[in-house]
Amino acid sequence: MLEGGLPPGFERRVITVAPGTSRAFDPADWADALVILECGEVDLEGVTGCQVRLRAGAIFWLAGLPVRCLHNAGPEPAVLVAVSRLHGFSQDGH
């Protein structure tokens, strides 16, 4: 799971969506985050109802997208790793 440490000023969050379940989309969960689908697969459902399936290894951005929820229709947990900047952190560490 994204081996090694992150540079100062960044944080890592791991979100797991169990098989057969969905997670409502909350924009605050994904603000300023680059997302890596570590394992499993996930369907992103847009507010219009269209869906896009992503598989392990996908790297994507959800901030500002019209997403309604994330579905895991696969047989294994979908593990998403979100990496984002710490708010209020400057390059000089203050």
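Readers should treat all values here as calculations from the given coordinates under stated rules, not as data from a laboratory. Source: prediction; values computed, not measured.
Helix-only estimate, please: 222 nm mean residue ellipticity of the chain, summing -39500 (n - 2.57) across DSSP H runs of length 4 or more and dividing by its residues, to the nearest 500.
-500 deg cm²/dmol, from helical runs alone.
Full-extension gain between Ala31 and Phe10, please, as 0.36 nm times their residue separation minus the C-alpha to C-alpha distance.
6.3 nm
State, as an integer percentage, the relative contact order of the range 10-85 based on alpha-carbon contacts under 8 Å between residues 6 or more apart.
That works out to 51 percent.
Running a GNM on the chain with Cα contacts under 10 Å, which residue among Gly40, Gly64, Gly74 ends up with the highest mean-square fluctuation?
Gly64
Would you kindly state how much longer the chain becomes between Cys39 and Thr21 on full extension, computed as 0.36 nm times their sequence separation minus their alpha carbon distance, in nm to one decimal?
Residue separation times 0.36 nm, minus the Cα-Cα distance, leaves 4.9 nm.
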